[in-house]
Every structure is written in C-alpha cells, then in structure tokens.
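As structure tokens, the structure follows; a few thoughts come after it.
The values are calculated or read from the model by the stated rules, or taken from the named source; none is laboratory data. None of these values were measured; they are calculated from a predicted model. Reconstructed Cβ throughout: ideal geometry from the backbone, glycine too, with neighbour counts over all protein chains shown. We work out accessible area using only protein heavy atoms, side chains counted, and drop any ligands, DNA or RNA first. Shrake-Rupley method; radii C 1.70, N 1.55, O 1.52, S 1.80 Å.
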Amino acid sequence: MNISVMQENLARGLATVSRAVSSRATLPVLANVLLKTENSGLNLTATNLEIGINCWVPGKVAEEGEITVPAKLLTDLVASLPNQKIDLVLSPKDRTLKLTCGNNRSSIKGIEADEFPVVAAIGETPATSVDARVLREALGEVVFAAASDESRPILTGVLTRLTGDKMTLAAADNYRIAVRTLTLASPVDPEIVIVVPGRSYAELMRILPDAEMPIEITVTPNKSQVLFHVEGIDLVSRLIEGQFPNYEPVIPASHSSRAVIDREAFLAGTRRASIFARDSANIVKIEIGGDDADGAGVAITAHAADVGDNADTVDAAIEGSPTAIAFNARYLIDVLSNLGSEEAALELSGPLAPGVIRGIGKDDYVHVIMPVRTAS
Amino acid sequence: MRTILHADLDAFYASVEQLDDPSLRGRPVIVGGHRDERGVVSASSYEARVFGVVSAMPLRTAARRCPDGVFLPGRPERYRQLSRQVMAIFASYTPLVEPISLDEAFLDVSDSRAAFGDGPTIAREIKRRVLDEVGLVVSVGVATNKLCAKIASDLRKPDALVIVPPGEEASFLAPLPIRRLWGVGPQAQRALGEYGVTTIGQLAALESSTLRRRFGIHGDELSARARGADPSPVVSSHAPKSIGHEHTFDVDSADPGRLEATLLDLAESVATRLRRHDLAARAVQLKLRYEGFETLTRQAPLPHPTRDSRPLYDTAIGLLRKTQVAGRGVRLIGLTAIGLTEAQQLTLFDAPDREDRLSRSIDTVRERFGEDAITRARLLAQRPHRRFDFGERPDAAPGNDEDGA
C-alpha cells in the first residue's frame, strides 16, 4: 500500500469513523481502524460490532493495499499534523504503516486486514432514500425518548417503519413516547419494519450533513442490519430483534383542555421549576387555566417541602376546562428542547391521563408523557 | 407559650405480655425471640432491667444475664391494636398528636387548656385513662416544647409525671448529662469533652462562636437546645421517612441463593407497607451485618418512585452483588426504602396500575389469612425453617420496624 492524502481529509475521515471504535474491545482488532485503498482514495472503517462506519477519503494511490492500525493512535497523530500531504506506505512483511508529513516521520505497528470483521457488505439495492436534513431533524425529535436502561432491550431501539412514501420513527421508554413521520423520496413496497438501536441513530445524527442531499436506506433481506449511505459515508447498524410495543392505542385520540404556548417560555419556566423540584422527585405541576394561572395561561409550579416553592405563569391560548397535571420535569425539558417549532400545544384529559405535546404547524409529530400521581 | 406533652408507655411490649397473661406479672419478661435465638431484645420488663437486660441487646446475652427470664417472640398485631387504643385517648384531647412509634407520641395541648385544664391536669387525666381503659402505665412529660417534654417523660420512669414550668427550661436541663440532648451522639460527646463539657448547663455556658467553629451550623442549634429552646412543631400526620425490614439468620449465611431469597421476602414486606402508607420510595438501602457486628450500609436510587417489590428487589440485589464478598457469612440482612414520596410515575405499556392492583390484592389476602397464605414459589423453597401450619407463626421482631423513626 502506498497512498497520499491531504491531512485535512484524513483527519475528518478518522473523526467520522472513530466513534464506532470499541472503547473496551474484546477483540484487539476492534480497537483498530481499517485502511484500504479503493476508487482512487482511502477507505476508513471502524466497528464495535453494533455499528460500523465507513468513510472514503480522496487520495493518490501508487500501490493498492490494506492494513488495520490502532484507531486512537492514528487519529491523535493525524490531528496533530500540519495540513499538508501525508504519505502512507505499508511495509507488509513487518505489518508496519509508515507516515510521512512535512518533517514528521512515524511508523505504526498494525494487525492484518483479514482479521477485521466484514462491515457494510450488504450489497443490496437501496430500499429508498430520504433527505439528510429532514432525517436529522426528525431523529433529534425522537431518539432522546428511547430507553437508556437495558431492562427492556426493545425500548432502547427506535421503531422505524417504511411504508408507501412514509417513514415513521417512534421511540419510547415506558414513561413517554415520541412519534415523527416524514416523506420518502420513493415509495417502499412491501413495507419494512425494523427497530434500530437509539445509539446507532445518535451516531447517524452526528455524521449526517446539515444539507439537502439524499441518504439511501438499505435493509438486509434477513432484517439483521440496516445501512445508511450519504456521500462517501456508510453507517451500518445491527437491528434489535423483537416486537416493539403497540404504541398507537396509548396516544390519546381526544383531550378535554388544550393550551398553545411559546415553546421557549414553556421550556424556561419548566427549567426554573425543576431547580426546586430536585428535592421532590423532580416533579413539576402544570396547570391550564386554573387559579394559579389566574384563569388564563399556564402555571408551572414546583414545591419541595424542605426547600420552598417556585411558580411561573406563561401566556397561552387555552381551550376547554381548567386542569392540572404533574410531570417529571426531565421529560418536559427533553421534548421542549428538541421540538422544532416555535409554539407547542399541550393537550390534557385530567391529572392521571397521558399528556400530549405537539408542535404548532407540525402535523408530523406527537409526544406523549405519562403523568406522576401525587397526593394532592 | 405552647404546652407540649410527651407520653411514653413504660416497657410497652413487655407490659402488654404481662397484661394479657397475669402469670407473667412480677417476672422478668424479655420480648424479641427465644433465649437461644440470634435476634436482639425488642423490649424488657422492669423486672428484667434489674438484671441489665436492655433493648437491642443480643438475646443470648440477655439469657446469660437473666437466666430466669421469660423469653417471648412478640405479637406485633396485638401491640398495634393496643397502641391504636392509647393513641385514640391522646386524640380525644387534641387533634395535634404526633406518634413517634407504637408506644410514644407528642401532643400539642396549647389550645385544649380552655376545655380540659392546664398541661399537668391533662397529663394526669391521660395517665389515669390509659391505666383504667387499656391497663397500661404511661409516663408523661409536660413542657413548653418537644425537647423538654421528651427529656422530662424519660427522667423518672416508670409511671412518671414530670413538669417543666415555663421559664425553667434551662435550669431543668442544666444538671443533666449532654447525651440526653438530641443530636449529641458519642462523637459529639467526645468533642465536647475536649472543652470539659459533660452537662447541658456547661454546654449552655459555652460561647456560641466556639460551638459554631467546632460544629458549623449545627453549633447554633446545639446552643439553643442546651438553653432549652426548641421551636419544632408537633406534626399530626407524620409520614414515615423510611420503611425497612431486616432478618437475622439462625446461622451466618454466605449462600447467594439464600441471601437473595431473603431480600425478596424483605422487599415484599417493605412494598406492602409502602402501599399501606400510600407512599413510593425513591431509593433503596441495603444493610449487611457480619460476624463481630461489623455493619455495612449501601444505597442506590430507584429508576422511578415505586411501591412495587420488584424494582426494590432488583436494586437491592444490584447492591448486594457489588458489596457482598463471595463466601463471607452474613448475620443480618436488611432492606429499607428511603426518600419516600407520595408521588408515583405512571407507565405507558404496563397496563396502568395492573401491578399495583395485583399487589394490593395480595396484601388483602395476607391481612386476612396471614403472611404465609400467599407467597412467591421461590420463597417456599428457600425457607425450610418457616412453618406452614395455620397456628402460631414466628413473626418478625417488632423492633425491626423503622416506621416513623
């Protein structure tokens, strides 16, 4: 292997793939990044067996070849080099990669490329594609709601349904659920239903460009892996097996009161209340049009027996009967800080019924939070 | 000026046994378990105290000190029943009754004086009625605050009536040893000893700046208490701060299966009491006692406030696996629900309340037919020492109850 690449390009490629490197690898080779000359450039690959990321970097190939080297060492070295041409030459007999850049010369001992697990060999034609910027926004509104503890593995994933020209993303952790639909570039038939680990989507969000360009989605026929491809980058993720809970029945079809509130003001009030709620199980009380809200608007209050009280009133357009509900402040803060609309609608049907949050002018998103039962 | 009473039943559990069985009267009665069991003494009658038998002493030590003692396992249900009768008498004088445990309570009778007479009059009334109507002896302290009332009731037990007149709080406390004060444990006693302070009067004479330097913000509290000041109110609906149960093994156990099954049993008892109080726990504390009374406590938060045994058990097991060294024999294991709250997070997919309703049904069955009437299959296999007849059953020692502590 003998290839020349620009430091800037190699550094960006390594930063992209390095998040897939295992931090506690059981196989030594998983702590490495695979370098392989391909299509007049260098292909970088890292995997932790749950996800794999592939990134192609342009270069000038003098001799084809492949090797794996410790990812952290290479990433740190390249990041420290000047933005000049880097020559990478492999000496196959002692498996050592020699780097030359300006006045710097380094050599890194590697492991044979054929010990590296095969990543992204899906080889199917993509099922469909979707706009990268739209997918990024949609993932931002959904992924945070996935469970982080492993007590129910299926809930650590995001249900992903491709049917017709619609993609539906749903994540839930048993106390809340977020559902977002978006439009695909081309229809899918028959429908595809998979559960993608929340962590994989979080990585995808990180590497997706904030630009209008198509991202291709491919699912293996045995539904064990999904591949996202966008301009020089592939992300492959394993899928979670099992049945995602049927969430549709738990999304309330109606409500008895509704408030339309400025999202930033609602968020700021909830954050203030949560400072007081730290000592009382993080519970904040939301009242639509009650006494605390002077019959109009929404009151956000927190009460901690040994600490004190806090109340915020926020202007709101309200409908229906006055009602109060208690939520874990974290769940409200999560949805309000990720919701991509200026105004939010809060729909309630009583203190023990699920609360619904929607974005105004956004028919494609719904968020449900289960309340906290309190004594008063 | 407030009028506060502290009423404390004398040798409560032991007195109930002597009340129900006249043959025990005048004899040393020790409640907590049999003389060769490994538990501790929950209560001892005054006849037993002559031999130096006190609460929390290992039963075997008590048996050595008092070979002729009558050792009884205790009947928590009966104690609760009589406690309710006594508390009802207290409540007939004021709505402001704060029960501290089954056998003691604070009463704020400030607004009852017009109807029932002054503090000492009400205290005498209460003593007479508890003896006439229930058959038990209660000691009462009368003062202007909880601190002095509590110390007064304890001063000349049994059958005491000690009155601290308004304005005489400081002189009443002055000759008493500092350990009588709330918040003065062995460590504070040692620290105060460095200043030559052994009585409450000496403590009151100490510069408050000295105390603040040595004890921080607690120094001011300490100073105020030493002068007999205590502003804390009598709170009638006193929610428990923690709910816990513990189990002492007959023989030290290092068997993980045995330890885990015992924790499951404890988690069920704790969850039952959480439901009875309509409370949920935010965290779990595990207690392990080894040979030589070395005791470890570890705690961890729960994912959400809960009153269900499953998450209590899961979290406690996590702590046990982190703490317990394989092969090390455990003498006592305890599980306590802490951070109690009235709030409960509802769930999306576990049909709301299903688990809670199931648990409550189990509670009802147990209340009517006894603890062993319905249990987890796993616990049957793990408890060969338990008897499954429907007669008497060995109950948990009542002293393990941390309710309201």
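Can you grab the distance from the C-alpha centre of region A:131-182 to the C-alpha centre of region A:50-85, Å, no decimals? Between the Cα centres of region A:131-182 and region A:50-85 lies a distance of 33 Å. Which whole-Hz couplings ³J(HN,Hα) result when phi for each residue of region B:167-172 is put into the Karplus expression 6.51 cos²θ - 1.76 cosθ + 1.60, θ = phi - 60°, listed in order with x for Gly and Pro? Running phi through 6.51 cos²θ - 1.76 cosθ + 1.60 with θ = phi - 60° gives x, 9, 4, 5, 6, 5 Hz.
Mind checking the per residue accessible area of chain A for me, 1.4 Å probe, whole number of Å²?
45
How high is the FRET efficiency between A:Asn104 and A:Asn2 when r is their beta carbon distance and R₀ equals 22 Å, given to the nearest 0.05? Efficiency computed from Cβ-Cβ geometry: 0.80.
Using a 1.4 angstrom probe on protein heavy atoms only, the contact between B and A buries about 1600 square angstrom of accessible area, both sides summed.
Remark on B:Val41: its backbone amide H falls under 5 Å from those of B:Ala56, B:Met57, B:Leu59, a criterion applied only to residues 5 or more positions apart or on other chains, H modelled at 1.01 Å from N. Candidates B:Tyr93, B:Phe106, B:Cys66 compared by Cα position along the dipole of chain B: farthest toward the positive end lies B:Cys66, with charges placed on Cβ.
Ligands, DNA and RNA left out, the accessible area of the protein assembly as shown computed with a 1.4 Å probe is 50% carbon and sulfur.
How big is the dipole moment of region A:20-74 about its Cα centre under a simple scheme where the beta carbon of each Lys and Arg is +1, that of each Asp and Glu is -1, and everything else is neutral? Debye, nearest 20, please. Walk me through the numbers on the way to the answer.
On the way: 4 positive and 5 negative charges, 48 e Å.
Roughly 220 debye for region A:20-74.
By the helix-only formula, in which each DSSP H run with n ≥ 4 contributes -39500 (n - 2.57) and the sum is divided by residues, chain B has a 222 nm mean residue ellipticity of -11000 deg cm²/dmol.
Per residue, the accessible area of region B:168-267 comes to 50 Å², computed with a 1.4 Å probe over protein heavy atoms only. Once backbone amide H atoms are built at 1.01 Å from N, A:Ala316 has A:Gly297, A:Val298 as its partners under 5 Å, excluding neighbours fewer than 5 places away on the same chain. Electrostatic bookkeeping for A:Ile3 treats Lys and Arg as +1 and Asp and Glu as -1; over the other residues with beta carbon under 11 Å from its beta carbon, the sum is -2. With respect to chain A, whose longest principal axis is taken over its alpha-carbon atoms, helix A:71-80 is tilted by about 90°. In region B:331-347, burial by the other protein chains removes 20 Å² or more of accessible area from B:Glu342, B:Ala343, B:Gln344, B:Gln345, B:Leu346, B:Thr347, compared with the chain on its own (1.4 Å probe, ligands and nucleic acids ignored). Within the same chain, lysines fewer than 8 places from A:Lys60 are excluded, and of the rest, those with a Cα less than 27 Å from its Cα are A:Lys36, A:Lys72, A:Lys85, A:Lys93, A:Lys98, A:Lys109.
Averaged over peptide B:303-311, the number of partner chain Cβ atoms lying within 10 Å of each residue's Cβ comes to 2.
Which residues of region A:331-376 show a drop of at least 40 Å² in accessible area when all protein chains are present, compared with their chain alone (probe radius 1.4 Å, heavy atoms only, ligands and nucleic acids excluded)? Hits at the 40 Å² cut-off: A:Met370, A:Arg373, A:Ala375. Measuring heavy-atom accessible area with a 1.4 angstrom probe and counting protein chains only, the residues of region A:167-196 that give up at least 40 Å² relative to the chain alone are A:Asn174, A:Tyr175.
FRET efficiency for the A:Arg206 to A:Ala296 pair, using the beta carbon distance and R₀ = 35 Å, is estimated at 0.25.
For region A:318-374, a/c is not less than 1.5, where a ≥ b ≥ c are the root eigenvalues of the C-alpha gyration tensor, and a/b does not top b/c. That puts it in the oblate class.
Given +1 at the Cβ of Lys and Arg, -1 at the Cβ of Asp and Glu and no other charges, the dipole of the protein assembly as shown around its Cα centre is 2580 debye to the nearest 20. Cα gyration tensor of region A:210-255, axes a ≥ b ≥ c as square roots of the eigenvalues: rounded (a/c below 1.5), prolate (a/b > b/c) or oblate? Oblate.
Shown in residue order for region B:49-54 are the 3J(HN,Hα) couplings computed by the Karplus curve 6.51 cos²θ - 1.76 cosθ + 1.60 at θ = phi - 60°: 5, 4, 8, x, 8, 10 Hz (x for Gly and Pro).
Note that region A:178-194 has calculated 3J(HN,Hα) couplings of 10, 10, 9, 10, 9, 9, 8, 6, 9, x, 10, 8, x, 5, 10, 10, 9 Hz, one per residue in order, obtained from phi through the Karplus relation 6.51 cos²θ - 1.76 cosθ + 1.60 (θ = phi - 60°); glycine and proline are x. A simple charge model with +1 on the Cβ of Lys and Arg, -1 on the Cβ of Asp and Glu and nothing else charged puts the dipole of chain A at about 1160 debye relative to its Cα centre.
Counting, for every residue in A:277-289, the Cβ atoms of other protein chains within 10 Å of its Cβ and taking the mean gives 2. Within the shell of other residues whose beta carbon sits under 11 angstrom from the beta carbon of A:Asp262, the net charge comes to -3, with Lys and Arg scored +1 and Asp and Glu -1.
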